[in-house]
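The values are calculated or read from the model by the stated rules, or taken from the named source; none is laboratory data. In this text, all values refer to a predicted model and were calculated from it rather than measured experimentally. Heads up, the Cβs are rebuilt from the backbone with ideal geometry, glycines too, and the neighbour counts pull from every protein chain shown. Heavy atoms of the whole protein, side chains included, go into the accessibility calculation; ligands, DNA and RNA do not. Shrake-Rupley method; radii C 1.70, N 1.55, O 1.52, S 1.80 Å.
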Amino acid sequence: MIVPDKKTEAYLNKPVSLWELVCLCRSGILRPVDFLRAAALCRLNAEEKRKGKRLLFLLSCLSFLSAAFFFVVSEWSFFYTISGAVLLALLFVACSFFRRFAAADYAGAFLIGAMILLPDLIFGTNAILYEQLFLWFFLLVFWAVASQRSGVRLLPLIALNAAIIFYGIQFVLPSFQMDADTFCVLGALLNLLLLVAREATLGKTKIFDDSAFRFFPLLSVCLFLLTGTAVQTLSGGGISFLYCFIFTVSAGFYFVFKVFDWQACRLILVFCVLWITALLYRCVGMLSLSVEQSMALFLSTESLLIIAAVIGERSFSFRLEEK
Amino acid sequence: MTTEFSIRQLLACLNVSVFDPVIEPALEKACLSEREQETGRGNPFYNMIALIGMIFAALLCFYGLRSYPFAAGVPLFVCCGAAMYKTKSYAVRFFLKTYFISSVLLLTEACFRMSPAIVTAALFIFLTASVLRPVGQGQRILLSLLFFFCVYFVFQETPIAPLGIFFMLGTAGLLFPLKNTYGREPAFIFVFCPLVLILAGEILNVPDIVSLSRESWKMSAFFASGFLILFVGLYRDLEINEIFRFLAGGVALLFCGVFLSAGIEGSLVLFLIAFFTNFEALKRVAVALFCFFFVFFILSLPISLSFAGIISLTAGVFFEVFRLRLRQLSPKE
């Protein structure tokens, strides 16, 4: 009789996982035909039922949502009548009463938007979209202040950014008041101010303590600056790359050395890769190369950039985990 | 999935004695495999972000250098291969591996253009060898993917048979993990790829692939045979009435494939495989595939929007009733 050593004993006393089951079959301890039987033995019925119920709940929610979507689209003309507006108002009142449920809280916020935007669609009032979005933003602020959910409190910021974007597209850019590059930089600056205000009031008020209020303005700054670099890459001119560089260095310094936030650092890394890609595209375009040569140079350099970013991210992450 | 059962208890339930001299080397091998796995976990690049980044970078490099397959592929292959053999640093190995993969893709594509059959046969030999001996996980994944796509492109005119055979092979690999093999990755790839290819075809509206899913009973038969393999694995533990129910379920699946969509049938079979092997991630993927195929099926029907709404509502009621039924059964446990 063979007595298992300590390592084997430890292995034998481990709880079974799916990986262990596969290893048992691969190493020849279990026959392949016994794999399904072993899996059945290890199945926790209560756990399986819990997961099954969750899955079915998800599927039924998706089905009901898609059914609602199909019905609304097929009966769209109903919303072109006064009855449709009354229905929306009633739904909004119902959402206000039941806003302790997350679905009602979010639905209320979206119904405000629907009630602002639909009259233009229904009666053709020629309302200006960015004005409607600004109105939605102001009304959302009142709705969001009373909410306990950070997702709902974030919605006014999203509406504000949407309003700014449409303000640029519908008014500022067509009237040549400023070029696209400057508009993007100003949009980024506004979000940067929001971010700075959030960081300055951190811990003093509970409303903006959620990490989403750091992440979203940061993401908006990055997106505005990237749009600026894209416009610049396609049309030439501007100094957005310089702004991108300054923002990357200062935000990187702040989130690495001052207030350590690894998610923010990752976002800045992705932003850095993207604007360097735009810069690279522009640089390769300046060289007098054939299409194949340009493509080979651009894509292989881009792959080097991505690999360098991944190696940097993983090495730093691993050091953090070790610490 | 982790249970409160220990490996020792599980083996006892299955009448396997750990004191059996035949089992001793197998146990040592299992311990070794576990240690290898733990060593892998110490590698910072043993991670999903790193894997996605590596694949993306390798594909970018491959796409960029496609115009110079041999001029770029051969030096990359030789230099990265030789350097990978020598270096020990995880970061450098990761870097070299990325460009080694690019070079393999470049050379495979170039050779495939010259002689598809020879490249496919060579890949088959490499894949078989890699399945039978312990090589890196990445190598097995890459070889399986290359082999799958080479076979698909060779039989592009008649893709039903290869796709169906891949699905059956993958199913068998997942349900019966073979002794002395390292074939789990090929099994996953062979099960997923046919379904993902059909889904991609439906999204991009490729007529040949859409017809595979909608109009071909052969594809449905191949997916149903995956169910049959599952039945073979389970029938010893089933009672007569369960066998009949199981077979009725199989016939229903076949009809579902023939009259609705082979993709829906395939994703349901995949879900059953995941359920019987307790594989959570596979279950989620199967459900996501099912949802996509179901949406595409509804969108392809010549019906009004309100009728599509009624179908979705019926599906929602069906899922809800099923969930309530499960809830009723729970207290009896």
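Here are the numbers:
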read-out: Chain B - percent of accessible surface contributed by carbon and sulfur, probe 1.4 Å; value: 71
read-out: In segment A:26-117, GluC sites (Glu not before Pro) in a DSSP loop with at most 16 other beta-carbon atoms within 10 Å; value: A:Glu75
read-out: Heavy atoms of B:Phe147: accessible area, 1.4 Å probe, square angstrom to 10; value: 20
read-out: Rg/Rh for chain B, where both radii come from Cα atoms and Rh is the Kirkwood radius; value: 1.00
read-out: When each of B:Lys97/B:Lys283; B:Lys29/B:Lys88; A:Lys51/B:Lys283; A:Lys53/B:Lys283; A:Lys49/B:Lys283 is checked by Cα-Cα distance, pairs over 21 Å; value: B:Lys97/B:Lys283; B:Lys29/B:Lys88
read-out: Whole-Hz couplings from phi, Karplus 6.51/-1.76/1.60, listed for segment A:99-110; x for Gly and Pro; value: 6, 5, 8, 4, 4, 5, 4, 5, 4, x, 4, 6
read-out: Inter-probe distance in nm under a simple model that places probes 7 Å from Cα toward Cβ, at A:Ile239 and A:Glu321; value: 4.3
read-out: Percent accessible area from carbon and sulfur atoms, segment A:63-128, protein chains only, probe 1.4 Å; value: 79
read-out: Stokes-Einstein D for segment A:48-102, Kirkwood Rh over Cα pairs, 37 °C, 0.692 mPa s (µm²/s); value: 241
read-out: Accessible-area ranking of B:Ile141, B:Ile264, largest first, probe 1.4 Å; value: B:Ile141, B:Ile264
read-out: Rounded accessible area of B:Tyr235 (nearest 10 Å², 1.4 Å probe); value: 120
read-out: Kirkwood Rh in Å, taken over segment A:178-323 so that all alpha-carbon pairs contribute; value: 16.7
read-out: Helix-only [θ]222 nm of chain A, DSSP H runs n ≥ 4, -39500 (n - 2.57) each, per residue, nearest 500; value: -25500 deg cm²/dmol
read-out: Average accessible area per residue (Å²) across segment A:145-253 - probe 1.4 Å, nucleic acids and ligands excluded; value: 51
read-out: Neighbour net charge for A:Asp105 - beta-carbon separation under 9 angstrom, K R +1, D E -1; value: +3
read-out: Per-residue HN-Hα couplings for segment B:309-317 [Karplus 6.51, -1.76, 1.60; θ = phi - 60°; Hz; x = Gly/Pro]; value: x, 5, 4, 5, 5, 4, 4, x, 5
read-out: Length released on extending from B:Tyr235 to B:Ile165, taking residue separation times 0.36 nm less the Cα-Cα span; value: 23.0 nm
read-out: Helical mean residue ellipticity (222 nm; -39500 (n - 2.57) per DSSP H run of 4+; nearest 500) of chain B; value: -27000 deg cm²/dmol
read-out: For chain A, alpha-carbon Rg relative to the globular expectation (2.2 N^0.38 Å, N residues); value: 1.39
read-out: Qualifying aspartates and glutamates (Cα of each under 13 Å from Cα of B:Lys179; at least 8 residues distant if same chain); value: A:Asp34
read-out: Globularity index of segment B:258-332, i.e. its alpha-carbon radius of gyration over 2.2 N^0.38 Å; value: 1.28
read-out: Distribution of pairwise C-alpha distances over segment B:53-165, 10 Å bins, in %; value: 14, 41, 36, 9, 1
read-out: Distant-in-sequence amide H partners of A:Ser17 (H built 1.01 Å from N, under 5 Å); value: none
read-out: With DNA, RNA and ligands ignored, accessible area of A:Ser83 (1.4 Å probe; Å², nearest 10); value: 70
read-out: Interface burial for A against B (accessible surface, 1.4 Å probe, total of both chains, Å², rounded to 100); value: 8100
read-out: Volume in Å³ per residue [convex hull over Cα atoms, computed for the protein assembly as shown]; value: 217
read-out: Hydrodynamic radius by Kirkwood, which averages 1/r over all alpha carbon pairs of segment A:79-176, in angstrom; value: 14.2
read-out: Ratio of the Cα radius of gyration of segment A:1-88 to 2.2 N^0.38 Å, where N counts its residues; value: 2.20
read-out: Straight-distance crosslink candidates among lysines, where the alpha carbon sits under 21 Å from A:Lys204 and sequence neighbours closer than 8 are dropped; value: A:Lys258
